[in-house]
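A.B. asks: Input: one structure, supplied below.
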Amino acid sequence: MDRRTYLASLSVTGAVAAAGCLESLPGTGGSQTVLGPPEETRGDPVYPIHGEELPSFSLPDPIAGEEIASEQFEDERAMLVTFFYTSCPDGVCPALMLRLRRAQEEAAAGGYGDDVAFLSMTFDPERDTADVLRSYATQRGIDLEAGNWHFLRPESYEDGTAVLEEKFGLVVEKVDPENVEGHENHGSLEYMFSHISLILLVNERGIVERAYQNVTAPSGVQPSELVSDLETVVNG
């Protein structure tokens with residue numbers, strides 16, 4: 001069974017937890033990586049893992065006013081790729097942003113900021129407009145002036161879910177907060193999302209070095225570990 005077929009079976013059975021994260025499921029990789037295989041290998045996850053190519057994708061950066069393609073960074077920069085929405089009420093997306101922001105800070109301090117591209121795709125384009133994303137960057141301490149951070153915004157929710165499912169094997173679904181345990185009192189939210197938290201560390205050859213999952217779990221990747229791995233990948 002290939003990854004996309006497996007994804008379809010997950011969608012039918014509802015295996016993706018609401019607004020949460022599945023267990024980390026790293027895999028083994030090939031010789032084009034700088035980092036060795038992860039210590040733990042469990043199953044065959046649907047998203048790209050160690051040693052696999054990052055799927056090519058292209059999305060608008062509404063703040064910069066340009067289309068950003070993943071392929072434009074190959075042979076030029078390493079990448080940190082993640083998926084989020086600014087209204088996330090449970091701390092998962094802020095945890096993703098914290099780790100990338102720390103990596104951006106350390107890259108600047110270490111003099112390799114121009115060797116990394118930070119690609120953060122929202123899957124809530126209806127609410128995450130350019131102004132909202134710009135304010136979110138300020139709130140989270142993200143330096144947009146560095147020129148290495150791109151918020152990516154699909155034209156529509158349907159376009160975003162198509163990219164996530166077809167390119168990355170990730171299921172994202174709108175849900176009513178009233179139907180999600182622990183979020184019944186989020187009356188200010190018209191909807192939230194079931195989604196998987198994921199950060200992909202990709203080397204300049206476009207090969208995934210690490211797929212960090214479930215960042216808010218005790219076993220999830222810590223900011224210092226992400227920074228260390230990124231620096232190792234950039235330095236080759």
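A.B. asks: Which members of the range 58-77 meet the condition of being over 13 Å from residue 118 (Cβ atoms) and not small (Gly, Ala, Ser)?
C.D. replies: Residues satisfying the conditions are 59, 60, 62, 66, 67, 71, 72, 74, 75, 76.
A.B. asks: Here is a follow-up. Quick check on my filter: what residues within the range 125-154 are within 21 Å of residue 189 (Cα to Cα) and surrounded by fewer than 17 Cβ atoms within 10 Å (Cβ to Cβ)?
C.D. replies: 126, 127, 129, 130, 131, 134, 135, 139, 140
A.B. asks: Shifting gears a bit: Going through the range 58-106 one residue at a time, which ones are touching a helix residue (DSSP H, G or I) at 6+ places or on another chain (Cβ under 8 Å) and β-branched (Val, Ile, Thr)?
C.D. replies: 63, 81, 82, 86 - these are the residues of the range 58-106 that are touching a helix residue (DSSP H, G or I) at 6+ places or on another chain (Cβ under 8 Å) and β-branched (Val, Ile, Thr).
A.B. asks: Now, a different point. Take the range 65-94 and flag every residue that is buried (at least 22 other Cβ atoms within 10 Å of the Cβ) and assigned to a strand (DSSP E or B).
C.D. replies: Across the range 65-94, the qualifying residues are 78, 79, 80, 81, 83, 84.
A.B. asks: With the requirement that a residue be farther than 23 Å from residue 125 by Cβ and modelled with pLDDT of 95 or more, what does the range 178-201 give you?
C.D. replies: Selection gives 201 alone.
A.B. asks: Residue check: is residue 97 hydrophobic (A, V, I, L, M, F, W, C), part of a helix (DSSP H, G or I) and touching a residue at least 12 places away in the same chain (Cβ under 8 Å)?
C.D. replies: Against the criterion (hydrophobic (A, V, I, L, M, F, W, C), part of a helix (DSSP H, G or I) and touching a residue at least 12 places away in the same chain (Cβ under 8 Å)), residue 97 qualifies.
The values are calculated or read from the model by the stated rules, or taken from the named source; none is laboratory data. Predicted model only: the values in this text are computed from it and were never measured. Backbone-built Cβ (ideal geometry, glycine too); neighbour counts: all protein chains shown.
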